[in-house]
Structures are given as structure tokens and as C-alpha cells.
Amino acid sequence: MNPLLEQFVIESRDFLDAIAKGLLTLEREPGNTEAIDELFRGVHTLKGNSGLFPEYAAFTHLVHAGEDLLDAVRDGQRNFDAEIADHLLECMDIVSAMLDCVEAGNALAPTLCEAGKELALSLRALRDGPLTVQPTSEPAAAPPEQAAETNSADCAYSAGSAVADSGTVQFRYTPESDCFFKGDDPLFTAANAPGLLNLRVTALQPWADNDAFDPYQCNLQLEGICAASREDLEQHFRYVPDQVEMITLAANSAQAMQDGTVPEPDPQAVDTLAGRGLSEEEEAAAGRILRCQYEVLARTQPDNREGVWRSVALVLRGLATAHGIGHVHIDEALDACLKTDSGDPLARVLDRMAAGTRPGGNTPAPAPRHAAPRLRTLSDDEAELVDRILAAHLKMLDGEPTAAVVSAASIALAGMRRYEGRNDDATAIAGLSQAHDAAGLRAVIASWHGGNSAPTAAAREAAPLQTAPPAAPAPQPSSAPAKRTVTAAAARQTVATAPAAVARSAAGAAAETAAAVADRPAAASASGGLEAIRSELAEAAIDHSANRVLKVSQEKIDRLMDLIGEMVVAKNALPYLAARAEVSTNPREIAREIKNQYGVINRIAEEMQDAIMQVRMLPVGNIFQRFPRLVRDISRKLGKQVELYMEGEDAEADKNIVESLADPLIHIVRNSLDHGLEPPDERRAAGKPETGIIRITAFQEADRVIIEISDDGRGIDPDRIKAKALERGMIDEARAAALTDHEAVQLVFAAGFSTAEQISDLSGRGVGMDVVRSAIEKAHGSVQLSSELGRGTRIRIGLPLSMAVTNVMIIRSAEQMFGVQMDMVVETVRVPAKAIHEIKQQRTTVLRGRIVPLYPLNDLLRIPTEPVPNEDGELAVLVIRLGDQDVGVIVDDFDATLDLILKPLDGVLGELAGYSGTALLGDGSVLMVLNPKELL
Amino acid sequence: MARVLIVDDAATVRMYHRKILEDCGFEVDEAVNGLEALEKAFTTRYDLFIVDINMPKMDGYRFVSELRAREELAQVPAIMVSTESETKDSDRAFAAGANFYLIKPARPVELTTSVRLMLGEPA
């Protein structure tokens, strides 16, 4: 499959998933505008993508119908209900089946196309629903557009007899001979023309002999009649406009073509096209068609001329009808031809009809743009695009464009002049940009094909100037077609005055420019503001998309690939060893070899584990990006001036860790803004700069990622904290007196502690630092706070890089094995029984000069057994850190430490707070991992 | 060689446009929405933008207006590309400051010629 198609299939499947989910969400919450927008965008993009593959027109058609329905829902014209959801879900089912065809490299199955067509109709019916309630007295035929769409969906080379009442167009599509190299598919394009009633494919030239036949050259002419509007057809053939001729037929002529009847002749028969008030374009098209008829007549062969004459007559009749000319003379001429066996009578009719239209041979009449000498001759494609781009720029410069828009327009216009080789003009246009001269640019566009870019004063005044003559005193031309041509004299004149005109317009516009610059919004002057936009737009998006897709660098995946390669090789050694073991007489040697091989596999497994962990690593910057907006909003609300510095966004940690950090961090930053930083006047009084600083820094330290949030605010007052704690009865007088400043400050982490005199709506209502601490500890992290009165506060958060694998120490007690997470273990000691003292019925011992309370694990677990000392009468004590305090747990014995994958307890067992989870051991047994914090 | 930034949320369309432009020798970069495009435009110089309309986070209109509101990016030409159902919105595109509007899928020669014309770089 080609890569583009492959990409299309992959992306489409993603969209289908998202669309299905979106539909379900919308059904639950019909008013969710965000969901509707997202859903619409998905369907819209899906349609846009499929448009790249004309061979799957049925796909596009069906999705388009779905999009239109959703559009109606989005605009509030339709209420989203179960019926719409059903239809759209079915639509996506069919689309998904179509994708299967695409993926298998097949064309879309006809049954699917059929089903898709039907569904598209009912989708449209759903959309138009009650709005299309019409008086049912007349059995209205399908509206032309609808008929057109029904027919265009797929390969109807000759669609039925659904002739619409109006808008019948005949087209002749003569593909370029090298069209296949441009990616055109003429037959497909013609066969899918909207409302196609009839299609004929003929050879343009007689087919060459087998030897000379070149299958890569297109030698086809495709003619068809469509029940569709001319605009629809133009839209359909928009990629090959120069290769298609079209005439609009009267309503009944198509019918006539089908059933052979001849329409009534126009009583006021006039047999020439000239003077019928045709537009320039229509006249040119009619002229081209007529010229083609000459060609056709000239190429008749004895065996086909009758058919050719009939076809020419048909074309002429159509042309005549379209322009209100009678066609009795055409029918007479055809009869005459058939009788006399000569094409002359028709040729004479042609002569008469063509009289007065544009002359020309095989090539289209030269457009006015070719009149002026060009330094570089543009192809038709280029010339057409030039005209379209110019029209676009007129719109762009319409009204009161900003200086930026004017300069953007002038850059592109100057580019086009350079493209044509007119570098002088390009410079002149650039001058207009300097002067912010929109009118001048409009004049340049209006006089583009005249060959000069510099606007005259008259031209400037007359802007907007699509049709204005470029030279000031040009006499009003008497004939309409001359409106875009420029006389040579006028052109010379304007070229001569060009530099002066530029100078004048530049001077005249100088004041204007100054005013415009002053008017520009403040944002225009600086490149900044991006942060603000980013956070404005991104904050919502982060929450939605954070866990949807994990983007991984190529490097990490490559490493995994290498490792799995090694693993495959290492694994292959095992059957070989097994075979050896069967016949070996030396089990010891075999055991050694197995151990060696274990060593190899173990190394690979460890590396793989590390590599997989790496895949889950996310930069902490992911959560930093919402801070700029947060800080901006809050500081503005509080009337404080704050500068935010962020560093180390690249530091990585496991996805879960990074995500668990988001809320605590936001809380801390809010605290800093609300309580830490002072208002500008207070800062000034304290001799500090008015603008406060908040700094967020992330970095990796050993196997932990550290995040520091610091501010240069007023700091935390330990005396106030103590007073508050006393007031709330959290500590007593004696304890308050004994607390150091540092210890006092730590009281902010106590549950329910809030020091703000007045609870603000920003940093919480009673939810304080205790919540932050518990959230961080849940992620096995730690948080430290230090503060200096009047100088600021610093909070340091340490988190493990990964939570997936836990280092666990195994302990034994009452003949059972338990695990304890290593990050809680301070040390393991053997304490002689006589060193254990009982103080107030609490066993304690002294370790490194500190009193450590001791708790037998068996007591904590309600196991009625005493701890067992070792042969030397020493008890095994596991020292665990709980907050700021060390606690000893008496167990029977210590065992190894292992890296294990912890699984939380499920169901009923989930209520056992004393355990943090379970893990599987190498021998298949289950290890219960304790949660000492809860146990104690 | 000129550098073009394709701004489109659909990977398929980006791939299609990239191929067409790269075959003509343009240097091509991609962004998946207006915001990312704006970020890229601040660090890299682009000579032209090809911009989809309907995108998440920041749509094409907003992106082009943001371009035009920034001195150092204001004069970079922008071509809006969108599906035909949005043809009615081309006026809005021009009002935002887009230089041109193409219907998606753009014919290769149409796309490359427009880009070349605006950059003044004939083949």
C-alpha cells in the first residue's frame, strides 16, 4: 500500500474510535458543546482526508452526509437524539467496513457503496427533517442537487432517467494528452460528474497502430449531459477547467435528447450568438464550442459522418436553446446534410452562429492579460492562479486592513512580480508596503495586467478598483470587452510617472502610517503574548489529552528492539541445556551452566525493565506549562506583581508520578501567590523590588526527581504558627516553647491548619498543606519546607523516578514472610534484650543517643506470639521513619531485599489498610507488603 | 530554498502536502495546530504558511490573525486550505489576513504554483 493510503487508514481508524466515543458522550450529555465541536472536527477531518482519494468517492460522500447532519446539530438546528446517534453510529460502521476494503487494497465493495448511499439519503433526510415540509400536492421530483449527489456517489456511467426540471448542462472534457502524468483520471472524473445523465467516450484522434500506440498518452474525449447546475459542474471539474467546455441546456432539451422529441422552436429566431448580451466568459465558451464543431465536421469519416452531423446538430441546438435562439434552421441544416451527404449546410449554420463571437483557431482567444509584453510567459495554469490570487488579495485588502495585512499582501504581490521577472515592480510594491498604502496596492491589483505596479493618484482615489482604468485621463471605452485592456499609450504614460507616484503615495501616506502604527493593539508590537495564548488554549487541552497517547522517542524504542534481540538469542540456549541435562552424568556442571545462562538472561531482563521504564518517562515540563496562565490570572486578581521563572522542564519521571504532581504543585504555587508574596506597596516598604519572584526548578538527584518551588515573599512567621497551633489546641504551651523555628514552620503540614486571617477563594478553604503532603506521600515522595521570615519560602518535593517497581525488604515474623518498602526503612539493628526498657508500658531503646519506641510486629498484627531473639539473645529491630520520627518494629529476622511489582489489594481485601499491596515471589508464593504507617 | 510550514491537524493531509512541496524542492515543516505553528514560527524562519481552518486548540483564522498581529511574522504570506464546505468562509479567511484560499485537496500544480508565485520563485 502506498504510504499516504496507509497513513490515511491509520488516522481514519483513530478518528472512528474518537467519533464513536464522542457520539456516546453526546448521547449522555446532549448539551456538551465541546463534545459536539470535537466530534464535528473528527468527522470533518475524516472527510477532508478521504477527499485526497477520488477513487473512494462513496466514502467521502457518506462521511460528508454525516458531517452535514452534525453541522446542523452544532448550529442548533437539530437536537441530538438517539435516532441521530443511531444513524451516525451506523454511518461509522459502514465507513469502518469501507476502510477494511481500503486496507485490503481493494475497491469499495458495491454492497457497501449501496448501503452508504442509502444511509446518506436518510442522514440528509434527518438533517432536513421537518424543515422540508412542503405542500405535497405535487409529487415533487428530487431537487437537482440531491439528484446530483445521488448519482455522483459512484460508478454510474449512465444513470437513469431522473431528469431534473432545470439546470441541464452539457460538457465536453478533452483531457490533455499527458494528463495521466498529472494524476488525472479523466474517465473517473467524467463518470462522477454530478447528475450525470449520459456519457460518451470517443477517441480524439484515430487510434494508432499497435506498434505506434502509446498507452500513456490520453486520446479520449468525454462528453456528457448532466442534470446539475453549471456551478456544480464547474466545481466538479475545478482541476481541469481549461480542458472542459460547458453549455447550459434548456430544461427540455435534455429530455428531448432522451426521448427524441424536438422542442418547440423559439418564435423569435435569431441565428447568431453575437449581440445576445452574453458575458465575456459565456461568449468565449460558446466561441470555443463552435470552433470545436468546425473541427468535428472537418474530421468526419465516411462511416461515421451521419452520427457526427447529428451530434453537431445536437450541440448547436443546445447552444441555441441556451441563448434563446431558435433552432429550426439547425434541424433543416441537418436534414439537408443527410440528404446531400455533405456537411456544408451545418458548416454554414456554424458560420452564422459564430459570426460576431471571438475569432480564433484551435487555441482559446488570447486573454487580455497576454496583451502586454511579459518578461516571462506564464502558462495557463499560472495565469489562472495569478488571477485568483489577485482576486484573493483584493478581498484581503478590502475595508481597513491593518498595516500587517498590507505588508503581508505586498510581500506576496511583490513575489508574483518577481516571478514574472518584473523586479522593478516588485520594488515599487515593497515601497507601498512601507507606506501602509492599501489603496495603492488595490490599484496595483486592478492594473496588474496593464503591466505597471505604481499607482497613479487617480487610481488611488478610485479604489477599490477592480474595473477602473489604470491611467487617469483614459476615455471611457465604448466597447465592454476593452474594460481590462490598457492602451499602449496609457501604459507608457503610467510607467513614466511611476517613481513620482510612488514617492507621492509614500509621502501622502506617512501620516496615515504613523496613525496606524499607533492604533495597532499592544500585542502587535511584541512577539510575546504567546505564553498567555498557550496557557489560555492549552490548560483545557492538557486535561483532556494527558493520558491518551504516550509519545516515545525513536531512540527508546530502538533500545528495546536491541534488547529483545538479545533475549531471543539467550532464550535459545535453554532447550540446548535441557538436552544436555538429559544425557549428562554431571549434574553439577549442568547446574553451573544453567546459572551462567540465568546470569545472561537476568542482565537482559534488568536492562529491559529499565528500557521500558524509560518509555514511560515524561518530562515534568508537561505540568509546568499551565503555571504561566495560573500565575498571571491570580496575581492580577490579587493586584500583585509577579515574575515566574521555570527551569528544568526536561527532567523526566514516570508518567504516573508526573501526573500525581500536578495538583500539589498548583496548590503550592497558589499558596505562594496568595500568602507568600506581598502586594507592591508592602514590598516597597520592606525594601524589596515591587515585582516578586516565584521560581520553579526541577532536576534529577540520584534516583529521585526533585522539584523546588521558592518565592521571595514574606516567609512564614513561626510565632504566628505557634500561636495558631496553640489556639487550635494542636500543641500545648510547653511544646510550643520547646519548638525551634524550623519545627514550628512544619506545623503547616498538620491536618486542618490554615493561617490565612481571611480565607481566600484562591488557595483553599481549610484545605492546606496537609493535603499536599498526603498527595505527595501517596506517590512515595517527600516534601520539605523551609522559610525565612521576610525573605521567602522554599518547598522541596522529592519523588521516585518510577513507581512501577518497588524495592522491598523481606522480614520474618511468627514464621511468616512480610515485605516492607525499602524507602521507609532507616536501618536494621540487632538490639540485646537487656537494652530494651519499658517506659509507661511502652518498650523503648536508645539508638545513637535517641529514644526509639519499639513495637513488636506480632502485636501490631494481633498475632499472639512473642518475638523470637537470635542465639545471642538479640532482637531484630527494623527502624522505620514515620514523618519526623523513627520507630522500631521488632521482628524475628531480616531477609533479602528484592525489586518487586506491587499490586494493590482488591475487593474486600482492599479495606485492609495495614497492607499496601501484594507481590509475587520467584517461587510463585504471595508476599504481603506491610503499610507500617497505618499499622502504627 | 524557501521553507514552508504546513499547519494541519490531519496527518494524512500534512503528508500529502509535504510530498507535493518537497518534490518541488521546498523545505517543509509541519505543525498540528495553530498554537504549535506559532511556537515554531518564533524559533524558525518560514517563508510561507499553508494553513488548515478547522483545527483543535487554535484554528486557522486565529493563527493567521496572530501572525498578522506580530511584527516579525506579519508579512509572511499564508495560504488557507480547506474543504469545499468551508468555501463560504473564504471571506473570513481574507479578513483574518490570509493571502489566498485553496480548496482541499489542492491539485498539486495549483498548490506548488501558488506557493512559487507568492514567493517569486519560478521553477
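The values are calculated or read from the model by the stated rules, or taken from the named source; none is laboratory data. Remember, predicted model here, so these are calculated numbers, not experimental data. Ideal geometry is used to build each Cβ from the backbone, glycine not excepted, and the neighbour counts take in all protein chains shown. Surface accessibility is based on the protein's heavy atoms, side chains included, excluding ligands, DNA and RNA. Shrake-Rupley method; radii C 1.70, N 1.55, O 1.52, S 1.80 Å.
Key figures for this structure:
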quantity: Rounded accessible area of A:Asp93 (nearest 10 Å², 1.4 Å probe); calculated: 100 Å²
quantity: Exposure rank, largest accessible area first [A:Lys840, A:Lys933, A:Lys556; 1.4 Å]; calculated: A:Lys840, A:Lys933, A:Lys556
quantity: FRET efficiency, 1/(1 + (r/R0)^6) with R0 56 Å, evaluated for A:Arg74 and A:Asp185 via beta carbons; calculated: 0.95
quantity: Accessible area in the full protein assembly, largest first, 1.4 Å probe, for A:Tyr239, A:Tyr56; calculated: A:Tyr239, A:Tyr56
quantity: When each of A:Lys637/A:Lys688; A:Lys640/A:Lys688; A:Lys21/A:Lys778; A:Lys21/B:Lys40; A:Lys778/A:Lys903 is checked by Cα-Cα distance, pairs over 25 Å; calculated: A:Lys21/A:Lys778; A:Lys21/B:Lys40
quantity: For the stretch A:792-915: rounded, prolate or oblate by the Cα gyration tensor [a/c cutoff 1.5]; calculated: oblate
quantity: Solvent exposure, largest accessible area first (probe 1.4 Å, DNA, RNA and ligands not counted), of A:Arg442, A:Arg720; calculated: A:Arg720, A:Arg442
quantity: Kirkwood Rh (inverse of mean 1/r, distinct Cα pairs), the stretch A:554-615, angstrom; calculated: 12.8 Å
quantity: Candidate aspartates and glutamates for bridging to A:Lys834, where Cα separation is under 13 Å - those fewer than 8 sequence places away on the same chain excluded; calculated: A:Asp872, A:Glu874
quantity: Number of partner chain Cβ atoms within 10 Å, mean per residue of B:95-108; calculated: 6
quantity: Exercise: per-residue mean of other protein chain Cβ atoms within 10 Å, A:382-392; calculated: 5
quantity: Rg over Rh [alpha-carbon atoms, Kirkwood Rh] for the stretch A:385-447; calculated: 0.92
quantity: In Å², nearest 10: area of A:Tyr576 left accessible to a 1.4 Å probe; calculated: 130 Å²
quantity: Averaged over B:61-71, number of beta-carbon atoms from partner chains that fall within 10 Å; calculated: 5
quantity: Residue of B:Ile103, B:Ile50, B:Ile79 that the Gaussian network model of chain B assigns the largest fluctuation, springs spanning Cα pairs under 10 Å; calculated: B:Ile103
quantity: Partner lysines for A:Lys182 [C-alpha distance under 27 Å; skip if fewer than 8 residues away on the same chain]; calculated: A:Lys47, B:Lys19, B:Lys104
quantity: Dipole of the stretch A:806-935 [Lys/Arg +1, Asp/Glu -1 at C-beta], most positive-end residue of A:Ile880, A:Asn870, A:Gly914; calculated: A:Ile880
quantity: Computed over the stretch A:677-736, Cα set: Rg, Dmax in Å; calculated: 17.1, 44
quantity: Cα-based reach from A:Lys117 at 15 Å (exclusive), listing aspartates and glutamates while leaving out same-chain residues under 8 positions away; calculated: A:Glu67, A:Asp68, A:Glu90, A:Asp93, A:Glu145, A:Glu149, A:Asp154
quantity: Mean projected area (nm²) of the alpha-carbon convex hull when the stretch A:3-132 is viewed from all directions; calculated: 7.2 nm²
